[in-house]
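Encoded as structure tokens, the structure appears first; notes follow it.
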Amino acid sequence: MRVLILLLSLALVSGAADSPWEEKFRSIPDPQNLREYMQRMSAHPHHVGSLYDRDNAEWLLAKLKGWGLDAHIENFDVLFPTPNERLVEMVEPTKFTAKLEEPPVPGDPTSNQQSEALPVYNAYSIDGEVTAPLVYVNYGIPADYEQLARLGVSVNGAIVIARYGGSWRGIKPKVAAEHGALACIIYSDPRDDGYYVNDVYPEGPERPRDGAQRGSVMDMPLYPGDPLTPGIGATPNAKRLQISEAKTLTKIPVLPMSYGDAQPLLAALKGPLAPESWRGALPITYHVGPGPTKVHMKLKFNWDIKRLYDVIVRIPGSEYPDEWVIRGNHHDGWVNGASDPLSGTVAEMEEMRGFSELLKQGWKPKRTIIYAFWDGEEPGLLGSTEWAETHADDLEKHAVVYINSDSNGRGFLGVSGSHTLENFINGVMKDISDPETKLTVWKRLQLRDLARPGSADRKRELRTRPDIRIGALGSGSDYTVFIDHLGVASLNLGFNGEGGGAGVYHSLYDDFYWYTHFADTDFVYGRALAQTAGTAVMRLADDELLPFQFSDFADTVRTYVDQLKRLDADQRAQTEETNREIDEGAFRAAADPRKSYATPEKNPVPPHLNFAPLENGLDALVRSAQRYDAARKAASNTQDAKAVNAKLIESERRLTDSAGLPGRPWFRHMIYAPGFYTGYGVKTIPGVREAIEQKRWQEADQQIQRVGTILTKEADVLDEAAAALRK
Ligand SMILES: [Zn+2]
């Protein structure tokens, strides 16, 4: 009874931040439970199609039902290739065959489960057999190929070897194929996640000599999800493409390897010295090639359809059942997957246990809450994409917000997402206690950012701007379909920054033993994640007016527009300067005449772009954002919250365009997208930014118009929301 009275009085005061239900919830998640769930779910490899992946889903379902929740499993059938034959051998100047195997590690009890595990490979590489000279291409991103051209080296007809890092891995074979390479090897250099960084496993957290990074190389910047069912759910009877029609498989065969396997190949390379920034931490002199290293590579896959097991929970809303707050984390791993993804999955489970306790005590969330434990994230965001494509019509009508997490570590809360939620999530962060310092999570983050080197302007902003800025979402986890395809405002949350550990990512060694020795060893940050995400969900489900705020969003878009104008000006200045240096003979004079060297070609000077349509759209947005936020502050008692909320939900949808981005219509959001040549890394206002970067000026002009119109439409919906508030 006391609780009820408190609730009523809070609801009268404001949008009910920090209700007694929230405090009750935050006392529930228990590190001991997180530990037990992780130990159970990581006991065996649990990749898509494995027995233990299904077993985990069924165990999870039983747990959720045992807590009295309405849970079910939703299945999808997706293309998931697994290796049948993997061979990489050096045939010249000496013979060497790559092991392509991760051995057991003393003391680690699950590191001997090779027979249950997927071997080291890249999913959605095509089959192929190639014998060709090897060329080292650094990270294998577009800028590296410009550098190669200056060295007079072509990869046409070669096998390239790239190191992990610098971009999402799928970009490396894509760019290599664009330059005429026949195959691609991706290896983990100790400089990036091995002994150069820290001690290696099992003495320390980083990648040992024979550890390798599995991972998808599907062309996800085109569209993620099942390659055979773009845009529709991969339900059992869905109309499927032929494998030969799928656009997201690689163009050339690609395989990852450890530095133990890569070292002999690289050590035998001659040709130009690798530029200084290209050199890794192997005890060799890095040459680029081509030759004399010649490699024979053969890859064959089983192109099977495998079943996914998404576990879905529904808690119906008491007042606004048609408004859905959605939360997700995947449960499938590449191998035992303790950090990625179970450290996040187990937090999500404790949120569920917490909610079930509150429901038993009488909590009645106003909105419908949907919790998803996705399958098939690792191969290509399969479980989330297929589910969201299947339910797209409902989600477009009902989805309020999607909150994602994935791997969780120790340290500082990382937040990326829709900037309409920046103010909201800052509020949540002020109510969560940091386990190590007992500061609030918000305060610790602010002080950490202050302690970092930065300009005086940046420090002033950190002290005076009420909200800490959040990052924009690129891709790399299950929020992608929600934000980029459906225009559902989204957030991605996770603690990190202490303890390192990139070095076991997607390897056999990301397991319970590793996690409990080197990551969030006592699971207190797992508890903090459950508290953070659970609090966010509760607040979104219970606030009478949805907590969207637009001044932060408009301020952020302003920074993007400024960046674009600077990008255009810098590109023009740089092209003019380089052309001039070519005319002056600077490159020729600077080159060592005894070495091969190619002078860069002169480029056309980029035209001045007309940013006025974007500026006008932005001005309208800034004005409307101020009007809405002011109306929101002044509104003491809203007659028709439902009408206002409908407009707020629509605000993120209006940032999308059904025709999508140029050349990739699946990606409909006009403010955020993963870069076509970065893969995970975000490109903000992507239509304009990528057109400028790729020197397509006419397209840049068209996209500026288009985004200007989108911003104007966004301003309209904010005005409509403000008008509904005043009623
Ligand atoms: Zn993950």
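Ignoring the sites themselves, what is the longest stretch of the chain with no GluC sites (Glu not before Pro) in a DSSP loop and at most 14 other beta-carbon atoms within 10 Å? Within the chain, the longest run free of exposed GluC sites (Glu not before Pro) spans 1-202. Taking all Cα pairs closer than 8 Å and separated by 6 or more residues, the relative contact order of the chain comes to 17 percent.
Basic side chains Lys and Arg get +1 at the Cβ, acidic Asp and Glu get -1 at the Cβ, and with that the dipole of region 6-142 about its Cα centre reaches some 340 debye. For the chain, the dipole from Cβ point charges (+1 on Lys and Arg, -1 on Asp and Glu) about the Cα centre works out to 1020 debye, to the nearest 20.
Label sites at GLU650 and GLU577, each approximated as a point 7 angstrom past Cα along Cα to Cβ, lie 4.8 nm apart. Here each label is just a point 7 Å from Cα along the line to Cβ, and for ALA659 and LYS595 those points are 4.8 nm apart. Judged by the gyration tensor of its Cα atoms, with axes a ≥ b ≥ c, region 503-568 is oblate; a/c meets the 1.5 cut and b/c is at least as large as a/b. Once the 1.4 Å probe is applied to the protein heavy atoms, the chain comes out at 38 Å² accessible per residue.
Computed 3J(HN,Hα) for region 285-292, one whole-Hz value per residue from the Karplus formula 6.51 cos²θ - 1.76 cosθ + 1.60 where θ = phi - 60°, is 8, 7, 10, 8, x, x, x, x, glycine and proline marked x. Annotation: lysines with alpha-carbon distance below 18 angstrom to LYS65 (same-chain offsets under eight excluded): LYS360. Remark: the LYS438-SER277 segment gains 53.9 nm on full extension, using 0.36 nm per residue and subtracting the alpha carbon distance. Estimated from helical segments only, the mean residue ellipticity of the chain at 222 nm is -12000 deg cm²/dmol, where each DSSP H run of four or more residues counts as -39500 (n - 2.57).
Rounded, prolate or oblate: pick one for the chain, where a ≥ b ≥ c are the square roots of the eigenvalues of its C-alpha gyration tensor, a/c under 1.5 means rounded, and failing that, prolate if a/b is larger than b/c, else oblate. It comes out oblate by the Cα gyration axes. Considering only Cα-Cα distances, which of the following residue pairs are longer than 27 Å: LYS95/LYS306; LYS174/LYS565; LYS24/LYS438; LYS251/LYS695; LYS63/LYS366? Pairs exceeding 27 Å: LYS95/LYS306; LYS174/LYS565. In region 474-631, taking the dipole from charged Cβ atoms about the Cα centre, the farthest positive-side position among PRO600, LEU529, LEU493 is held by PRO600.
Within the chain, antiparallel bridges make up roughly 60 percent of the DSSP beta bridges whose residues both belong there. Which of the listed residues, VAL78, HIS47, THR97, is farthest toward the dipole's positive end in region 13-130, when Lys, Arg count +1 and Asp, Glu count -1 at the beta-carbon? Working it through, the farthest residue towards the positive pole turns out to be HIS47. Using the Cα centre of region 508-580 as the reference point, and only Cβ charges (+1 on K/R, -1 on D/E), how large is the resulting charge dipole? Debye, rounded to the nearest 20. The dipole of region 508-580 has a size of about 280 debye.
Specify whether the C-alpha gyration tensor of region 368-521 places it in the rounded, prolate or oblate class, a ≥ b ≥ c being the square roots of the eigenvalues: rounded for a/c under 1.5, otherwise prolate if a/b is larger than b/c and oblate if not. Verdict is oblate for region 368-521.
The values are calculated or read from the model by the stated rules, or taken from the named source; none is laboratory data. Worth saying up front: this structure is predicted, and the values here are computed from it rather than measured. Cβ sites come from the backbone with ideal geometry, for glycine too, and all protein chains shown count toward neighbours. Areas reflect the complete protein model, heavy atoms only, side chains present, ligands, DNA and RNA absent. Shrake-Rupley method; radii C 1.70, N 1.55, O 1.52, S 1.80 Å.
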